[in-house]
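> Have a look at this one before I ask anything.
Derivation of every value follows stated rules applied to the coordinates shown; laboratory data play no part. Computed from a prediction, not measured in an experiment: that's the story for all the values here.
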């Protein structure tokens, strides 16, 4: 019985739950869903190389070579990455760079940014120490590289420190390349493109080609974007997101706005004591194209001014069937969704949209969702790309897919990479297993008893994930629409994630455990879905 006990795991911890064959399966699914970043490359490399069977496994050589190439492209001044690459390849140019690094000593703690994303205070302290190092040695290339990384995390082009930094001549080309990565990653097109001619003379990998493809796309140079993405795929055909992006650039999706007048939709919101956020959300919703959609707002035991906000917002929707439900107590998110979904007018609708009370939506969000539903009649759920509220927009959630199903755990791919900005690389439509619940559309004909969000995940957290996964297990389809960008103000604060309290962490871990045991009885069906995904990787 002890072997069946589930232990919640953190990001990438599932790699310890499986053998090397399973690790390569997870890696294939990962690349089918996301473009690996530096962290992913190093984590997978570490897991593969420490496995006793790696030397004899037929997949090791190709995958290790690919991951090393990507990691080197992401980290021209990343000592750990360069050290690993030198150990594996014995490349003399990497060895020479590492030798030069010896002239720029830096305490190990200043090379570790693992926790700065949820601790702004720690980031400030590290910045102060790095500035002191740079002040004492204006050409300290490693301190400058770390300061640039902190600037990136905060969404800043470059701090004042750059004015006093003197680039060592023998690192000039690598520094210009590092700046290109920085500006391209932030979506600063003009500054990145000024550096591109020099970067283009260097040996290119798919990493640089993907970045410049989106720079070209933003500049309206679609043919150059297509050429760059095609060259990238020649180097690494496993990049499924690139294939989707390429298809979208070649044949742009057009939303059918006529559907707004043809389809019966009810838009549902629920809120608990977030009057200011709710007010902004309703104002944003009023600026979008809703056609003949109805709106229902449920107040979940609110004790603030939310009732006044909801009533005042009625004037924003003069031609809309707009109503509210006021509950005396907070029944939690799943029950609130179900209450709204049980309303006669919602049950009579063709589609129900759920949106959170702290979002901003683009004008054409509903037309895009309805167009996907029209073009793909088997689709039950459509969701969008979700970004944080700070500028520039950092990705909060894209989509998730099953990546592991065994007796020790059922895991999904990450919803996105940490600290990745939205520069257009995920602007496409695709099938998946889960989309974020802060803005999604459900087809009522596929839900015999209406939306059924599981109450065991109250008061919040994972009920929307569990709902999508249940749809997939039953054979339904879930689609992601990256052409709709929802700004979600949850956890927004200068690009940093707020640290969870012990109670919040307990809620997350508890719900994670519940989800595993709920899904376990369908483990064979989940494995079938994963096999389908792997066949998609091979295709």
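> Among DSSP beta bridges whose residues both lie in the stretch 259-538, state the antiparallel percentage, nearest 5. Before the final figure, lay out the partial values.
Numbers: 22 of 48 bridges.
Around 45 percent of the beta bridges assigned by DSSP in the stretch 259-538 are antiparallel ones.
> Diagonalise the Cα gyration tensor of the stretch 334-463 and give the resulting equivalent ellipsoid semi-axes, square root of 5 times each eigenvalue, largest first, whole Å. Spell out each step's value before the answer.
Values: eigenvalues 116, 79, 50 Å².
They are 24, 20, 16 Å, listed from largest to smallest.
> Then there's this: Using 0.36 nm times the number of residues separating residue 264 and residue 164, minus their current alpha carbon distance, what extension gain do you get? The partial results should precede the final answer.
Values: separation 100, 0.36 × 100 = 36.00 nm, distance 6.09 nm.
Roughly 29.9 nm would be gained on extension.
> Write down the percent of antiparallel bridges among all DSSP beta bridges whose residues are both part of the chain, to the nearest 5.
Working: 22 of 48 bridges.
For the chain, the DSSP antiparallel bridge percentage is about 45.
> Taking Cα atoms, how many degrees apart are the long axis of helix 222-235 and the longest axis of the chain, rounded to 10 and kept between 0 and 90?
Roughly 70 degrees between the two axes.
> Still on this structure: Tell me the angle of helix 333-342 to the major Cα principal axis of the chain, expressed in degrees between 0 and 90 and rounded to the nearest ten.
Relative to the chain, helix 333-342 is tipped by roughly 40 degrees.
> Could you tell me how far the Cα centroid of the stretch 64-98 sits from the Cα centroid of the stretch 241-291, in Å?
Cα centres, the stretch 241-291 to the stretch 64-98: 44 Å.
> Can you classify the stretch 259-538 as rounded, prolate or oblate using the Cα gyration tensor, where a ≥ b ≥ c are the square roots of its eigenvalues, rounded means a/c under 1.5, and otherwise it's prolate if a/b beats b/c and oblate if not? Walk me through the numbers before you get to the answer.
Details: a/c = 1.40, a/b = 1.30, b/c = 1.08.
Because its axes are fairly even, with a/c under 1.5, the stretch 259-538 counts as rounded.
> Using the alpha-carbon centroid of each, what span in Å lies between the stretch 155-212 and the stretch 414-485?
Taking the Cα centre of the stretch 414-485 as reference, the centre of the stretch 155-212 is 36 Å away.
> Using the alpha-carbon atoms, what tilt in degrees (0 to 90, nearest 10) does helix 463-473 show relative to the longest principal axis of the chain?
Between helix and principal axis, roughly 90 degrees.
> For the chain, what does -39500 (n - 2.57) per DSSP helix run (n ≥ 4), summed and divided by total residues, give at 222 nm, in deg cm²/dmol to the nearest 500? The partial results should precede the final answer.
Working: 21 runs with 251 residues, N = 539.
It lands at -14500 deg cm²/dmol.
> If a/c stays under 1.5 just call it rounded; otherwise compare a/b with b/c (prolate if a/b is bigger, oblate if not). Do that for the stretch 333-383, with a ≥ b ≥ c from the square roots of the Cα gyration tensor eigenvalues. Please report the intermediate quantities before stating the final value.
Working: a/c = 2.12, a/b = 1.23, b/c = 1.72.
Oblate, since a/c reaches 1.5 and b/c is not below a/b.
> Could you give me the radius of gyration and the Dmax of the stretch 104-185, taking only the C-alpha atoms into account and expressing both in angstrom?
My reading of the Cα-based Rg and Dmax gives 12.1, 36 Å.
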